[in-house]
Amino acid sequence: VLIRLPSGLKYRVLQPPRWDAPGPRRYDTVTVWCKGWLSHNGACGANVIPGQSFSFCVCNNEVMTGLDEGVLTMRVGEQRRFFVPASLVDGMIADSIVPRTDVIIDVLLQET
C-alpha cells in the first residue's frame, strides 16, 4: 500500500514496527539507516545516499525536509521506502543530489 501525505511525500512500509514501539518527536535525536536513489519515473536510478547509519535531530534542518517529515511519522524498528518529491529535497544530506529531482529513500528507524 502506498500512502501519500499532504506535502506530496509518499511511502510504503517495508517492515512494520512492534505494536508498542515508540516514535520520535520534534527535536529528538534519532538514528536511521538510509539508502537513497534518484528517481526516474518512480524507479530507482543512480545511488545518491549509500547504505549507512547516522544520527540527526528531527525537524532541525539537518536533513532534507522529506526525510524529516517521514521519520517524524515512524516508530522504532520500522522500515519504509519514501518517495520524496523534488520540492522536499533540500537540506544538508541533499547537497550531492541534482536539484529538482525526486528521490527514493529506504529508511530504518533504529533504537538510539
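Rounded to the nearest whole Å², what accessible area per residue is found for the chain with the 1.4 Å probe? Don't skip to the end; give the middle numbers.
On the way: 6080 Å² over 112 residues.
Per residue, the chain has 54 Å² of solvent-accessible surface.
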Ranked by how many other beta carbons lie within 10 Å on average, peptides 16-24, 100-108 from highest: 100-108, 16-24
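Net charge near Asp106: determine it from the other residues with C-beta under 13 Å of the C-beta of Asp106, scoring Lys and Arg +1 and Asp and Glu -1.
Numbers: positive: Arg12, Lys35, Arg80, Arg81; negative: Glu78.
Neighbour charge sum, excluding Asp106 itself: +3.
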What's the local net charge at Asn61, with K and R +1, D and E -1, over the other residues with C-beta under 10 Å away? -3
Over the alpha-carbon set of the chain, work out the extent along each principal axis and list the three values in angstrom, largest first. 37, 29, 27
Measure off, as a whole percent, the carbon and sulfur share of the 1.4 Å-probe accessible area of the stretch 1-76, all protein chains present. 51 percent
Give me the net charge of Leu5's neighbourhood, meaning all other residues with Cβ under 15 Å from the Cβ of Leu5; Lys, Arg count +1, Asp, Glu -1. +2
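The values are calculated or read from the model by the stated rules, or taken from the named source; none is laboratory data. Owing to the predicted nature of the structure, the values given are computational and were not obtained by experimental measurement. So basically every Cβ, Gly included, is an ideal-geometry build from the backbone, and we count neighbours across all protein chains shown. Ligands, DNA and RNA are excluded from the accessible area calculation, which covers all protein heavy atoms including side chains. Shrake-Rupley method; radii C 1.70, N 1.55, O 1.52, S 1.80 Å.
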